[in-house]
Each structure stands twice: as C-alpha cells, then as structure tokens.
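S.K.: Got a structure here, written out as structure tokens. Questions coming.
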Amino acid sequence: MAEQFGRRLRRGATSGAIVAAAVAALAASQGPGAIAPPADGLNGDHAVGAGDATSPNGGADGGSATGNSPYFLDLPPLKPPNPAGVPTAPQVPVVTGPAEAGIPATVLAAYRRAEASVRATDPSCNLPWQLLAGIGKVESGQARGGRVDGNGTTFSPILGPALNGVGFARITDTDGGAFDGDTTHDRAVGPMQFIPSTWAVWGQDANGDGKKDPNNIYDAAQAAGMYLCAGGRNLAIKADLDRAVLSYNRSTEYLTTVLSWFEYYGRGAHTVPDGTGVLPVDRSDDRPLPSETTRPTTPASPNPPAPGITPPADRPTQKPAEPRPTQPPKPSDPAKPTKPSKPADPTKPPTTDPTTRPPAKPVEVPATVRVAHLRAGTAVLTAVTESPFAEAATVTAVDASGRPVAGVSVRFALPGTTDARFPAGATTVTVTSDAKGVAKAPALRAGEKAEPFTIRATVPGRSLPAAELKATVEVRKADALARVGDTALTAETGAGYAPVTVEARRGATLAAGVSVTAVVTDSADSTQQSADGPSFGKDAAGNPVRTKVLKTDAQGRLSIKDLVAGAKGGDYVLWLTAPGGGTVKLKLTVTAPAPTTPPATPDPTTDPSTAPTTDPSPTASGSASASTTASPTPTG
C-alpha cells in the first residue's frame, strides 16, 4: 500500500507550471525557424510535409482518440536522465542514464518526424516530440518496446480490448473489422491506440507509401500530432496542453501520467535499438482489488506499535500463536523487552520507499548510437545488362576510433534513374552488420539500361552521411558476327528475301542478348543508309525502314525475316555491327522482273474456214468464182 500510495502521490505532484515551462522551452529551442523539415526520404517516402498532412475540420473537442481505452500507469524514475531544467537537444542522442529514458530508434525517428511535419504546417501549435513520446509510452510502451520493421510497421497489430461496455465505453463496430479485426465492437489500434472511427477522420500517410496504417508508427505519430493540435491549440499554454491530452483519453490520471513522461523525456532521452525498449507492466484495466495483497509488508521501524493499537488481521507478518506486539512490556522484567518481529536492517532502505531505488545499471551504448560512419566496400560494382552483379554492395560500420560495430541496421537504396533491382524487385533493403561490422546487401541484378549509378547506404534513425557505392551497367558485347549459310540473297523488286541467320560470338563463346544494329547501305564502303535499297518494311507513317536494332537469342543467334527488296534494281549491302567490334556485311541483290511476250493474234485472211481463197491466175477465175458462190447450182 505504501508503494502504491507513493506512486499516486508522485503522479499528482506533476506541476502544471513546470510542464508548461517545459513546453515553452522546447517550443523556443525547436521553433520552425530552428529545425527545417527533414527531407531525407527515409524508407523511400516523400519529404516531410510533402505527404498527406490533412487536418480535418472540427473534432477538437469531440470524443477521445482512444475511446478511453486502457493505458499503462507506469511512471518514470524519480531521478531524471539529466539535471532538471536542462532539456536535451532533440538531435543529440543521450547514451547514459536510466533504461526507461531509452526510446527505440525507429519510434523516436517517427516522433521527431511528426514534430517537424506538424511544425511545418502548423507552427503556432508548438508540438514537441516529447509529448508524442509520453503518449506513445502510456498507450503502447513505445510500440511494444520498438517491435517494428524497417518501415515502422509493428510486427503484429496492437489491439486494445473490445469496447463492449464492460469496464470500458461501449462502441459498436464502425469499420467492418478492417482495422481491428472485430466486426462487433471497436478496439483501439496501433502504437498510438486510435479507435477506427477516429482514425477514419485523422489517419495520415506520413511515409508516402499510399496507405494510412494505424499500425505504422510514422502514420500514427503524425496523426496524433495533428489531433493534439486541432482547434487552434497552442501546446505551450498549459490549458491548451491539458485539453489536448484529455481529448486523447478523458481521464485525469491519464493526463498526469502522460505529463510525467513528457517532462521526463524533456530532460533527456537516448536511442536504443528497435525491440529493446523497456516494457510497462501496470495497466489501468489490470489493477489489484483493494482487498488483494500485492506483497508482504514488513515494519519500517524496529519500534513496536503503540499500546492499544491492534494491527490489521490480514497482515501476513502476524502469527496467531505469538503474543501480540500491542501488549506493553512487563515492568517487572526489564531485561526482556518486547521483541519486534524482524525489524528492518537500518543500514538498508525500506523496500516500500520509492525514493531510494537501487542505482540503475550502466546502460550499454546501442550499436546504432556507437556507429560514427559507414565505410564503403567495393569501389566499383559492374554487370552487363539483364545480368546479376558479380559482387554484392557492402559497407562497414565503424565507431569514432575506427573499430567495427556489429548489430547496426544499414539501409541500401537505389536511385530512381536505374532499372537495376534487389531481389523481388525491391529498390531498398535493410540489413544488419555482422561481427566484423560488415553489412552486405543481397544480390543486385542489372536491368536493360546501360549506365552508371550510385547506391546510398545509411543508418535509419541517424543523420550520418551516407556511404556511396559506384555501380556501372555495361552493354553485352560480341567481337565476331558471321552469317549461317551462303545462299545468295537475291529478290525481285517488291519481293521478300529468304530469312537470314547471323551468329554472334565473344571469343569462343556464343554471345546471347547482344544488341546488333542492321543498316542497308548502297555499297560496302558506305555507312550511310540507302535511299532506295531493300528495307525492313515500313513505319507507321508509311516510310521504308532501313535501320533496325536486333538482339541475339539465348543461342547467340538472330534471324532476319522481314527484309523486302525495293523498287530499284541493283546491288546493296546489309551491314551488321555489334558492341565489342563484331561486324559482317552481306550482299543484297535486287533484280527487275523478266519481260513477258504476249501471244500473237492470228491473221483472219489466212483462215480458210472464214475467208475465200483468191487464185491470181486469170484462167482460174471461173473456178474461183464458183467456189465462193452461195448458189448450189453449178452454172456459171
């Protein structure tokens, strides 16, 4: 009971003046002119302020963001991480202090990012990231101690209990179970514990991935910041600050708990690796009943109880068989004073005194904080088009003294200009450095573009300079081209040629995937495209195509099947060239069609069946006349 009383006393002792002064100090040191909105493109997203930062109208004084769901009651240590009144600059990580001051790297990055985004769009609100950290601690223990992936999404959904009216508010389903998986009642969702109906209005897409995900700490933190600033609130004013926190969960105890953490983080915080944050245990819906005993209570002093006062019967230190310590000592036996039951060792502080906690163990500096810079590995990465790179991209994480640092998360990112990709078509991957401090990216495969590009390696959550690795994609080459077959390539004007097969080699190996340029020229000495020779058909405008890029197949061969003779006869050259020096010239002949003679027309005078025969002899005139007469009589 003494410990619980101490906890409640500390909770009520949070000074409104101190908290308001802390907000004002943070607002002055982190004003919009002091910190420019980051534009680091973390996780491949847009610059802060460029994504969805919608601020819905109204709702500032409506229902709570969480539906008054349960929350954690754990309080920060009495000893602050830094002396009171000396706020730590948000960009300088604190690497010593109580473990409770550690905030997982990705979660802390999301809070700072949300602060910068909101300050860019609503500077008069004076939102400090430490307030978001206080709410995140109370709502979900900083996303379950930072159990999030590289993009800030929790490994599994964080869900509050069903708001069925039993011990909580009653809120029937509003999202069809889309966010909370419950089609009967709503549940608070995500590291900032938004109920679905509130998220439907205030949900944000802070990382520009096209989704408003309440289980993503970047999205949820920005939504919480926008919600707290609604209605024109100025969080540097105590009244507005209280209203903002109470709008999140309408409980005075919730307000004092959040403000305790807010003040604590305002005096200093440090980064810890994701997944290693301190988890709270004392939740508002899991308190012991007044009749329950949480631990045995021993007297804090060796002095016996005052005469006439009977200790409670349920105190576990009492034994019925022993004389009650309430009886005064017998005056006739001064040598035997009443023996108290196991007095506390005066050299040890009472276990129930919250002001004398054992000193915190030294906090091990996280790898993410110890790393000073990333050292690029391979100088130049090379590959040919549509092939994997021979070597992987690597960097080494080292500390300020040049020693390797293991366990550092390193993100490799490809520029938008290249079509090279990591496995599964990814443009960014995150890996962890090994015992030698080496972070090795998965295999990279080149695309169709032959060009140089730069891979950038960074440490998520840190503003360290990126390590740059140069990469080059080269075209496939062939140093020899040869025609398969030797049949003369001849076609009449307007007719098609027989298919032509050409083989490409690089050394003694067949060269697959090589781009070969084919040009029809007027002669073997000319490199200019012919004006009227054979063509590869016509383009969309109806013009003959006499230059074409072809690609060899998996066997290193290419087949030309669409070559057509032009309208002008003569000899031409098909000139094929490949990167790497391979070339071949093939003679094309266009012939005119052979002339055709029409059949002779017979003379009608020579046909004895259709014309009479004239005998030039004068003696035969009579007989000729008789042969042509139509009369059947033989008379002259």
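The values are calculated or read from the model by the stated rules, or taken from the named source; none is laboratory data. Quick caveat, the model's predicted, so the values are computed rather than measured. Because the Cβ atoms are built from the backbone with ideal geometry, glycine has one as well, and the counts that use them run over all protein chains shown.
S.K.: In the stretch 143-176, how many are over 22 Å from residue 285 (Cα atoms) and surrounded by 15 or more Cβ atoms within 10 Å (Cβ to Cβ)?
M.R.: Residues meeting the conditions: 10.
S.K.: For the condition crowded, with 24+ Cβ neighbours inside 10 Å and modelled with pLDDT of 85 or more, what is the one hit in 236, 221?
M.R.: 221
S.K.: Can we say residue 432 is in contact with a Gly (Cβ under 9 Å, 6 or more places away or on another chain), touching a residue at least 60 places away in the same chain (Cβ under 8 Å) and surrounded by fewer than 19 Cβ atoms within 10 Å (Cβ to Cβ)?
M.R.: Considered against the rule, which asks whether it is in contact with a Gly (Cβ under 9 Å, 6 or more places away or on another chain), touching a residue at least 60 places away in the same chain (Cβ under 8 Å) and surrounded by fewer than 19 Cβ atoms within 10 Å (Cβ to Cβ), residue 432 comes out as no.
S.K.: Please work out if residue 252 is touching a Leu at 6+ places or on another chain (Cβ under 7 Å), β-branched (Val, Ile, Thr) and closer than 26 Å to residue 101 by Cβ.
M.R.: no
S.K.: Here is a check on your reading of the model: is residue 443 at pLDDT below 95, under 30 Å from residue 368 (Cβ atoms) and not assigned by TED's automatic domain parsing to the domain that holds residue 545?
M.R.: Yes, satisfied.
S.K.: Among the residues of the stretch 391-414, how many are of a type outside the set (Lys, Arg) and within 14 Å of the chain's Cα centre (by Cα)?
M.R.: 4
S.K.: Any residue at all in the stretch 68-81 that's in the same structural domain as residue 174 (by TED's automatic domain parsing), among the basic types (Lys, Arg), modelled with pLDDT of 90 or more and surrounded by fewer than 24 Cβ atoms within 10 Å (Cβ to Cβ)?
M.R.: Checked against the condition, which is being in the same structural domain as residue 174 (by TED's automatic domain parsing), among the basic types (Lys, Arg), modelled with pLDDT of 90 or more and surrounded by fewer than 24 Cβ atoms within 10 Å (Cβ to Cβ), the stretch 68-81 yields no hits at all.
S.K.: Also, I was wondering about something else. Mind listing whichever residues of the stretch 401-430 are of a type in the set (A, V, I, L, M, F, W, C) and over 16 Å from residue 458 (Cβ atoms)?
M.R.: 406, 420, 424
S.K.: When only residues in the stretch 583-613 that are at pLDDT below 85 and not in a loop (DSSP other than H, G, I, E, B) count, which is nearest to residue 473 (Cα to Cα)?
M.R.: 604
S.K.: Mind checking which residues of the stretch 113-138 are touching a Phe, Trp or Tyr at 6+ places or on another chain (Cβ under 9 Å) and either of a type in the set (A, V, I, L, M, F, W, C) or without any contact (Cβ under 8 Å) to a residue 40 or more places away in the chain (or both)?
M.R.: Matches in the stretch 113-138: 114, 116, 129, 131, 132, 133, 135, 138.
S.K.: Can I ask one more? Just checking: which of the helices (runs of 4 or more DSSP H) contained wholly in the stretch 172-252 hold 3 or more residues that are in contact with a Gly (Cβ under 6 Å, 6 or more places away or on another chain)?
M.R.: 217-228
S.K.: From the residues in the stretch 520-542 that are closer than 20 Å to residue 591 by Cα and in contact (Cβ under 8 Å) with a residue 40 or more places away in the chain, which one is surrounded by the fewest Cβ atoms within 10 Å (Cβ to Cβ)?
M.R.: It comes out as 524.
S.K.: Conditions first: (1) charged (D, E, K, R); (2) assigned by TED's automatic domain parsing to the domain that holds residue 391; (3) free of Cβ contacts under 8 Å to residues at least 40 places away in the same chain. Residue 551 passes all but one, so which condition is the exception?
M.R.: With respect to (1) charged (D, E, K, R); (2) assigned by TED's automatic domain parsing to the domain that holds residue 391; (3) free of Cβ contacts under 8 Å to residues at least 40 places away in the same chain, residue 551 is out only on (2).
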